[in-house]
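Following: one structure in structure tokens, then a few remarks.
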Amino acid sequence: MIEITALPAFTDNYIWLLRDHGCVAVVDPGDAAPVLAHLEASGERLAAILLTHHHPDHIGGVAALLARHVVPVFAPAINRIPGTTHPLRGGEHIALPELGPGLGLDVIAVPGHTLGHLAYYGSTLTDAGAVFCGDTLFAGGCGRLFEGTPAQMQASLARLAVLPAPTFVYCGHEYTEANLRFARAVEPDNAALAARSEEVAQRRKLAQPTVPSRLAEELATNPFLRWDAPAVQAAAAAQLGHAPLDAVATFAAIRAWKDRF
Ligand code: ZN
Ligand code: FE
């Protein structure tokens with residue numbers, strides 16, 4: 001079975017390693033140093049680089065890794081990231097044969113945070129599946145809309161929301177505690193959210209990561225997946241001064257509030 005390991009980078013980034021059979025695929029190596037240190041210490045061989053989007057904190061280590069390792073680089077096509085060998089637009093299936101026969105990931109287009117943003121989903125990566133979603137869906141939150149529209153981001157999140165509920169969600173940052181503080185402002189009466197906030201606070205006190213989460217807990221507590229929840233719609237209405245027209249309007253109002261929070 002694949003092992004998925006976090007390498008913390010910068011102040012709050014996670015670089016994800018997929019490891020099996022002495023090989024490693026790395027997701028979003030914003031910094032090469034921790035990845036090279038891992039390879040050195042473990043004796044494992046770099047097999048592939050997967051990039052979710054073009055921001056420097058996710059791709060900054062690619063050039064230094066490619067200087068030492070000749071490996072495929074899977075990346076959003078529209079950003080023309082240097083080193084890309086497999087430009088992707090979503091809908092592809094990529095194979096990682098070094099990590100296991102038949103092992104592969106589905107590529108999902110999730111524009112919003114950036115226009116080229118991709119998520120990588122593997123139904124067999126863990127016993128429950130795993131999705132690497134960069135800065136699109138965070139534990140308890142979602143990424144800022146730097147390039148896309150609220151309609152694009154809401155559609156992208158809806159694409160992730162229909163993955164199997166037990167799926168492990170591997171996002172790009174440790175933002176959970178602050179995200180849940182905002183979530184509680186949106187839904188003060190959500191009991192699952194209150195319980196999650198307490199659990200996350202405990203973990204952070206012990207300096208433990210709160211990622212991965214499960215999609216099921218995101219569906220129950222993350223306001224950016226809860227446009228159908230009456231309490232979230234009411235919070236959006238309070239922001240807008242009138243009832244939101246649809247799911248996109250609900251999402252947009254909550255996202256705009258978070259930007260000011
Ligand atoms: Zn980003
Ligand atoms: Fe980021």
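The values are calculated or read from the model by the stated rules, or taken from the named source; none is laboratory data. Quick caveat: nothing in here was measured; it's all calculated off a predicted structure. All Cβ positions, even for glycine, are placed from backbone atoms using ideal geometry, and neighbour counts span all protein chains on display. The accessibility values were calculated without ligands, DNA or RNA, using every heavy atom of the protein model including side chains. Shrake-Rupley method; radii C 1.70, N 1.55, O 1.52, S 1.80 Å.
Per 0.36 nm of contour for each residue apart, how much would the distance between Arg181 and His93 grow if the chain were fully extended, relative to their Cα-Cα spacing?
This chain segment gains 28.0 nm when fully extended.
If I take every Cα pair under 8 Å that is 6 or more residues apart in region 1-71, average their sequence separation and divide by the length, what percent do I get for the relative contact order?
Relative contact order, region 1-71: 28 percent.
Heavy-atom accessible area of Asp127 with all protein chains present, probe 1.4 Å, nearest 10 Å²?
The value for Asp127 is about 130 Å².
Would you give the gap between the C-alpha center of region 231-253 and the C-alpha center of region 1-76, rounded to a whole Å?
About 39 Å separates the Cα centre of region 231-253 from the one of region 1-76.
Would you mind getting me the FRET efficiency between Ala256 and Arg203? Use the beta-carbon distance for r and R0 = 30 Å, nearest 0.05. Don't skip to the end; give the middle numbers.
Values: r = 29 Å, r/R0 = 0.98.
Between Ala256 and Arg203 the formula returns 0.55.
Can you give the helix-only mean residue ellipticity at 222 nm for the chain, where every DSSP H stretch with n ≥ 4 adds -39500 (n - 2.57) and the sum goes over all residues, rounded to the nearest 500 deg cm²/dmol?
Taken over the chain, the calculation gives -10500 deg cm²/dmol.
Quick check: at a probe of 1.4 Å, how many percent of the accessible area of region 3-260 sits on carbon and sulfur atoms?
Here it works out to 56 percent.
So between Ala41 and Ala216, what do we pick up on full extension, going 0.36 nm a residue minus the alpha carbon distance?
Taking Ala41 through Ala216 to full extension adds about 59.5 nm, to one decimal.
Which net charge results when you count Lys and Arg as +1 and Asp and Glu as -1 among the other residues whose beta-carbon is under 13 Å from that of Ala47?
Summing Lys and Arg as +1 and Asp and Glu as -1 gives -1.
How many percent of DSSP beta bridges within the chain run antiparallel, rounded to 5?
65
Relative contact order of region 122-261: what whole-number percent is it, with Cα pairs under 8 angstrom and at least 6 residues apart?
Rounded, it is 27 percent for region 122-261.
Defining a contact as two alpha carbons under 8 Å apart and six or more residues distant in sequence, what relative contact order in percent does region 3-260 show?
Details: 543 pairs, mean separation 32.9, N = 258.
RCO, region 3-260: 13 percent.
Find out how many positive minus negative residues lie around Ala37, taking Lys and Arg as positive, Asp and Glu as negative, among other residues whose Cβ is under 12 Å from that of Ala37.
-3
Scan region 140-189 for chymotrypsin sites (Phe, Trp or Tyr not before Pro) in coil per DSSP, keeping those whose Cβ has at most 15 other Cβ atoms within 10 Å, and list them by number.
Working: sites: Phe146, Phe168, Tyr170, Tyr175, Phe182; in loops: Phe146, Tyr175.
Passing sites in region 140-189 are Phe146.
Just add up the charged neighbours of Gly129: K/R +1, D/E -1, any other residue whose Cβ is under 13 Å from the Cβ of Gly129.
Once positives and negatives cancel, what remains is -1.
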